[in-house]
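The values are calculated or read from the model by the stated rules, or taken from the named source; none is laboratory data. As the structure is a prediction and not an experimental result, all values here were calculated from the model. Here the Cβ is made from the backbone with ideal geometry for all residues, glycine too, and neighbour counts use every protein chain on show. Each accessible area value is taken on the protein alone, full model and side chains, heavy atoms only, with ligands, DNA and RNA left out. Shrake-Rupley method; radii C 1.70, N 1.55, O 1.52, S 1.80 Å.
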Amino acid sequence: MNCQSGDTLAEEQVTASSKEKVLETLGEAASKLRTELGESLATVQKFDVPLEEATTSSLEALKAYSLGNKAFNEKGAAAALLTSTCHRA
C-alpha cells in the first residue's frame, strides 16, 4: 500500500491446501509480491529462502512468535514477554 495515497500497489491472495502447507503457500505468495513490487527476478531468486527453512514448521510456534512480536511493537518488551509466557501456558 502506498503510505501517502493509500493506493494498493500489489496484492496476493492464496489458500493453503492444508495447515501443513501454510508456510509453503505463504512463501510462494511472498515471492510473487516481491516481483509485483518491482524487485528483479534475479534478486528474488538469489535471496528467496523457503519459509519452512527460514522459520519454524510449527504453526503454533509461528502464531506465538507473531503475537509476541505484535505485543513488542505495540506495548514494549515486558508485554511481549508476558504474551509469550501466557501463550505457552
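Odds and ends about this structure:
- Size descriptor, Kirkwood hydrodynamic radius, that averages inverse alpha-carbon separations across the chain, Å: 15.2 Å
- Length gained when the stretch ALA10-SER40 is fully extended (0.36 nm per residue, less Cα-Cα span): 9.3 nm
- FRET efficiency, GLU60 to MET1 (Cβ-Cβ, R0 30 Å, nearest 0.05): 0.55
- Net length available on complete extension from LYS32 to ASN73 is 12.1 nm, with 0.36 nm assigned per residue and the Cα-Cα distance removed.
- Within a Gaussian network of the chain (alpha carbon springs, distance under 10 Å), most fluctuating of THR43, THR35, THR56: THR43
- Neighbour net charge for ARG34 - beta-carbon separation under 14 angstrom, K R +1, D E -1: -4
- The charge dipole of the chain, taken about its Cα centre with unit charges on the Cβ atoms of Lys, Arg (+1), Asp and Glu (-1) only, comes to about 420 debye.
- Ligands, DNA and RNA left out, the accessible area of the chain computed with a 1.4 Å probe is 55% carbon and sulfur.
- Accessible surface, the chain, averaged per residue in Å² (probe 1.4 Å): 78 Å²
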